[in-house]
Each structure stands twice: as structure tokens, then as C-alpha cells.
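The values are calculated or read from the model by the stated rules, or taken from the named source; none is laboratory data. No experiment lies behind these values; they were computed from the predicted model shown. A quick note on method: Cβ atoms are made from the backbone with ideal geometry, for glycine too, and the neighbour counts reach across all protein chains shown.
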Amino acid sequence: MARLIDGKAVSKQIKDELKETVADWKTKGIEIGLAVIQVGKDPASSVYVGNKKKACEYVGIRSESYELPEETTQEELLQLIERLNQDDGIHGILVQLPVPAHIDEDTIIRAISPKKDVDGFHPQSVGALSIGQPGFVSCTPAGIIQLLKRNDIEIEGKECVVIGRSNIVGKPMALLLLRENGTVTVAHSKTRNLREVCKRADILVVAVGRPRMIDASYVKEGAVVIDVGIHRNENNKLCGDVDFESVEPVASAITPVPGGVGPMTIAMLMYNCVEAVELSKA
């Protein structure tokens, strides 16, 4: 029976550590500020934004919220980002994705100063990660590394398979596992013999975007399984990309959904906000 990797517990541990650092900065007269921009009223985005605000409050980071109407133009959004780029009291800027269809996501990501890119999506942040330079790392993959390390799961020398090649999870995940000396394969929708590829993995990270697609037939006995997906099943219950009931008896450790990777994403966002203070001093 697999050990449950508890993301809630690890994220609380990280936030408690950050709380102390944030308090230290306050004694030096610096209050860390995060600006969160949401365009439109996407319900899932509203939940995420609410969770980010709660985490800021817990850690002691000041959050400024900009809830803009759906019809906000790209130009108006760019003007707001530029104003926040120039504001010394704001250390991190986050635009909640997705944005409405009339706004170009890539243009918005590039408009955020790389020194305030706490989501780790700016091409400069991604480039720094790919060549091993310091910079912001996308929060979900960074959180997964912390989950593994803080659960004493060795990455070095392990066969790691990442299913999914998105810019937000799959690609940075592969780079971070490489940085930790894992042997990494990135699999995706065009991979031949996906089952066989996955069955090689000592650590299997599933970011495929399809509910309960990965069952026990994809998983090697004793593998560590990290489930990045989050969906609602036919009974409106939350589930992941992994068929938990099928995989749990085969794996040595597994993340639940909810309560696995999700809380870590927000903890690492808080971590990046604290890192941003160091960058602002550079």
C-alpha cells in the first residue's frame, strides 16, 4: 500500500518557514507586496485568486488585488502591468490565466518585469532555468521537487518520466528533475508505447490533462507517482489524471487529489515572492 505524500502538510511547513523570513524583512522596513490581476470572472480562476490571497495573509505578504472586467482591453492591462513594474512596493506581479480571448497571453507574460515574474513564465525565467542560472521557477514543478525532497524521495540516478510537455508544468518539470541528476524522459500524446515508457519510471509525474487516464497498467511496482491533474468526475468529486484506486496498491508513494500538488503550487508562489525581494536588491 502506497505512502500518501501530503501536500497540505509540506506546504504548511514551507509557509511557516516563509512567515519567519517575511517578519525579518519587516524589521528591516520592507513589506513584501504581491499584485494579483484577474480579468473577467472565470469561476476556477476566482477560487485560485482567493487561495492566493489567503496564503499571502498567512505568510504576512501584502496582496493587492485587481479584478478587471471581461471587456478590459489588452492596452489597459499592459498599462496596469507597466505601472506595477515601476512600483517599488510591489515585488511580484501575477496575471491569473487564462485571460479572455481578445488578450494575447504571450504579450502579457512578456510585459511583466523578469524581476517580478513570480509565476516563472517569462521567457527570461525559462531560459535561466534551462541553462542552470538563478531565476524564478514555475510554481507547480518547483513544488513537486519540494514534495519529493521533503518526503526523502531520492531523485539522483532515478529513471523519471514526465507525461505532458506544457510550458507551465511538463518542460520545467523535466529541467528541474535533470538539475537534481534524474534521468528524464518526457512523454506526450504522440509518444509510442506510452505504457511501456511509463513502466520504466521510478518517479512518474503525470500532467496529461485527462481525468484518471493513468491506471496501474502504466505504473512499475514501487514507483513514486505524482498527480498534477485536477478535474471533476461524473459525481462532481475532485479527481486527478491518475486513477488513484487502481494505482495506489502498486505505487510506493503517491500524491492524492485534492491535497497533493495543489497546495504546493501556492506555497511556491509565496516562496517566489520572498525571492523577489532579493532580486529587487540586486
Only one of these is touching an Asp or Glu at 6+ places or on another chain (Cβ under 7 Å) and without any contact (Cβ under 8 Å) to a residue 40 or more places away in the chain: Val219, Val257, Val186, Val250. Name it.
-> Val257
Can you name every residue in region 32-68 that is without any contact (Cβ under 8 Å) to a residue 12 or more places away in the chain and either crowded, with 16+ Cβ neighbours inside 10 Å or under 25 Å from Leu238 (Cα atoms) (or both)?
-> Pro43, Ala44, Ser46, Val47, Gly50, Lys54
Working only within region 112-124, note down all residues that are farther than 20 Å from Ala267 by Cα and crowded, with 20+ Cβ neighbours inside 10 Å.
-> Ile112
Top-ranked residue of region 61-92 - restricted to ones that are under 24 Å from the mean Cα position of the chain (by Cα) and among the acidic types (Asp, Glu), ranked as farthest from Leu18 (Cα to Cα) | Glu67
For residues in region 239-269 being β-branched (Val, Ile, Thr) and not in a helix (DSSP H, G or I), which is surrounded by the most Cβ atoms within 10 Å (Cβ to Cβ)?
-> Val242
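Report whether or not Ser138 is surrounded by 14 or more Cβ atoms within 10 Å (Cβ to Cβ), in contact with a strand residue (DSSP E or B) (Cβ under 9 Å, 6 or more places away or on another chain), touching a residue at least 24 places away in the same chain (Cβ under 8 Å) and hydroxyl-bearing (Ser, Thr, Tyr). So that I can check it myself, show each step before the final result.
Working: surrounded by 14 or more Cβ atoms within 10 Å (Cβ to Cβ): yes; in contact with a strand residue (DSSP E or B) (Cβ under 9 Å, 6 or more places away or on another chain): no; touching a residue at least 24 places away in the same chain (Cβ under 8 Å): yes; hydroxyl-bearing (Ser, Thr, Tyr): yes.
Judged against the criteria, Ser138 is not a match.
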Any idea which of Glu31, Glu17 is assigned to a helix (DSSP H, G or I) and at pLDDT 95 or above?
-> Glu17
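State whether one or more residues within region 260-269 are more than 20 Å from Ala44 (Cα to Cα) and touching a residue at least 12 places away in the same chain (Cβ under 8 Å).
Residues of region 260-269 that are more than 20 Å from Ala44 (Cα to Cα), as a first pass: none.
Checked against the condition, which is being more than 20 Å from Ala44 (Cα to Cα) and touching a residue at least 12 places away in the same chain (Cβ under 8 Å), region 260-269 yields no hits at all.
Hey, could you check region 98-110 for residues that are free of Cβ contacts under 8 Å to residues at least 12 places away in the same chain and farther than 13 Å from Thr72 by Cβ and say which is surrounded by the fewest Cβ atoms within 10 Å (Cβ to Cβ)?
Applying the first criterion (free of Cβ contacts under 8 Å to residues at least 12 places away in the same chain) to region 98-110 yields 101, 105-106.
Cutting the leftovers down to farther than 13 Å from Thr72 by Cβ gives us 105-106.
Values: Glu105: 13, Asp106: 10.
Checked region 98-110; the qualifying residue surrounded by the fewest Cβ atoms within 10 Å (Cβ to Cβ) is Asp106.
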Single match in Ser138, Ser130 (criterion: among the polar types (S, T, N, Q) and touching a Gly at 6+ places or on another chain (Cβ under 7 Å)) = Ser138
Working only within region 226-235, note down all residues that are under 11 Å from Val261 (Cα atoms) and either of a type in the set (D, E, K, R) or in a strand (DSSP E or B) (or both).
-> Ile226, Asp227
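Can you pull out the residues in region 79-89 that are surrounded by fewer than 17 Cβ atoms within 10 Å (Cβ to Cβ) and either among the polar types (S, T, N, Q) or assigned to a helix (DSSP H, G or I) (or both)?
Within region 79-89, Gln79, Glu82, Arg83, Asn85, Gln86 qualify.
In region 131-167, what count of residues is obtained for those that are assigned to a helix (DSSP H, G or I) and either of a type in the set (D, E, K, R) or at pLDDT below 95 (or both)?
Taking region 131-167 as the starting set, the residues that turn out to be assigned to a helix (DSSP H, G or I) are 139-150.
If we keep only those that are either of a type in the set (D, E, K, R) or at pLDDT below 95 (or both) as well, we get 149-150.
Number satisfying all stated conditions: 2.
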Could you list, in sequence order, all residues of region 90-130 that are outside any loop (DSSP other than H, G, I, E, B), touching a Leu at 6+ places or on another chain (Cβ under 7 Å) and among the hydrophobic types (A, V, I, L, M, F, W, C)?
-> Ile93, Leu94, Ile108, Ala111, Leu129
